[in-house]
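The values are calculated or read from the model by the stated rules, or taken from the named source; none is laboratory data. As the structure is a computational prediction, the values presented were derived from the model and not from experiment. Glycine also receives a Cβ, built like all others from the backbone with ideal geometry; neighbour counts cover every protein chain displayed.
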Amino acid sequence: MSFVKIALLGMLIVCALGVSLTRNLLTSLIIYMAYSLIMAVIWMLLESPDLAITEAAVGAGITSVLFFVTLKKIHAIKGDRDHEQAQK
C-alpha cells in the first residue's frame, strides 16, 4: 500500500471520528463535507470515476447544501442579521 492510500484512510477515520464527537452542527457538517471529498478521491484511486463523480456531486455537493439550508431554517446557524439584532 502506498503512503497516499494510507494517509487517505487515516484522514477518513479522523473525519468519521470528528463528525461523531463534535457537538457543533456546523463543524460537523464541514467535517462531513471533507469526508465526502476524501471518499471521492479514494474512488478515483480505485479507478472508479463514476462513483467518484457521484460521491463528489451528491455527497459533498447536494447533500451539504441541503444540510446548510436545513440548519439555517431551524436557526442552528445564526446569520449576520441575527447577530446585529441581538446587539441592539
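Give the residues of segment 11-21 that are exposed (fewer than 11 other Cβ atoms within 10 Å of the Cβ) and of a type in the set (Gly, Ala, Ser), sorted by residue number. Hit for segment 11-21 is Ser20, nothing else. Checked against (1) within 14 Å of the chain's Cα centre (by Cα); (2) of a type outside the set (Val, Ile, Thr); (3) at pLDDT 85 or above; (4) under 30 Å from Phe3 (Cβ atoms), Asp50 meets all criteria but (1).
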